[in-house]
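**Student:** Mind having a look at this structure? Questions to follow.
The values are calculated or read from the model by the stated rules, or taken from the named source; none is laboratory data. Predicted model, so just to flag it, every value in this text is computed and none were measured. Note: ideal-geometry Cβ built from the backbone for every residue, glycine included; neighbour counts use all protein chains shown.
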Amino acid sequence: MLEERKRLKLSQTALGEIGGVHSNAQRNYEKGTRSPDAAYLSAVAAKGVDVLYVLTGRRSATDASLTTDEAALLDNYRKTPQERRRTIAEVSQVYAAAGKAERNGETCSG
């Protein structure tokens, strides 16, 4: 639960409010000393928590596991005409390679 809360950039209080519980209950969920009920899981799932991950440790293959930025990017991609998607893929590969180079301490000259 803690990883999902951090992925969504929410405080314990904020996620607890979404789930309809107090922050101490949220804290207990994150420590594993208490298990959330179905109403809580349903409420937080509606706000983007990957409930399958919370319960099993396996990520679901749905859009619910995406951050807000990732979901917006995917939504824009899906709205793009098929003939222009290749350009998006090529640009994303260039940015990904540049990010990898930066993380490895390499410099890119443009």
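**Student:** Can you find, within the stretch 50-65, the residue that is modelled with the lowest pLDDT among those that are among the small types (Gly, Ala, Ser) and in a loop (DSSP other than H, G, I, E, B)?
**Tutor:** Among residues in the stretch 50-65 that are among the small types (Gly, Ala, Ser) and in a loop (DSSP other than H, G, I, E, B), the one modelled with the lowest pLDDT is ALA61.
**Student:** Does the stretch 1-22 hold any residues that are surrounded by fewer than 17 Cβ atoms within 10 Å (Cβ to Cβ), free of Cβ contacts under 8 Å to residues at least 12 places away in the same chain and over 17 Å from THR68 (Cβ atoms), and which are they?
**Tutor:** Within the stretch 1-22, GLU17, HIS22 meet the criteria.
**Student:** Working carefully through the options ALA39, ALA46, ALA72, find the one that is within 28 Å of ILE88 (Cα to Cα), of a type in the set (A, V, I, L, M) and loosely packed, with under 13 Cβ neighbours inside 10 Å.
**Tutor:** ALA72
Each row is one residue, and each column tells you yes or no for (1) outside any helix (DSSP H, G or I); (2) not charged (D, E, K, R).
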site: LYS9; (1), (2): yes, no
site: GLU17; (1), (2): no, no
site: GLU30; (1), (2): no, no
site: SER35; (1), (2): yes, yes
site: GLY48; (1), (2): yes, yes
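**Student:** Check THR33, THR67, THR80, THR56 and return the single one that is in contact (Cβ under 8 Å) with a residue 12 or more places away in the chain and surrounded by fewer than 16 Cβ atoms within 10 Å (Cβ to Cβ).
**Tutor:** THR67
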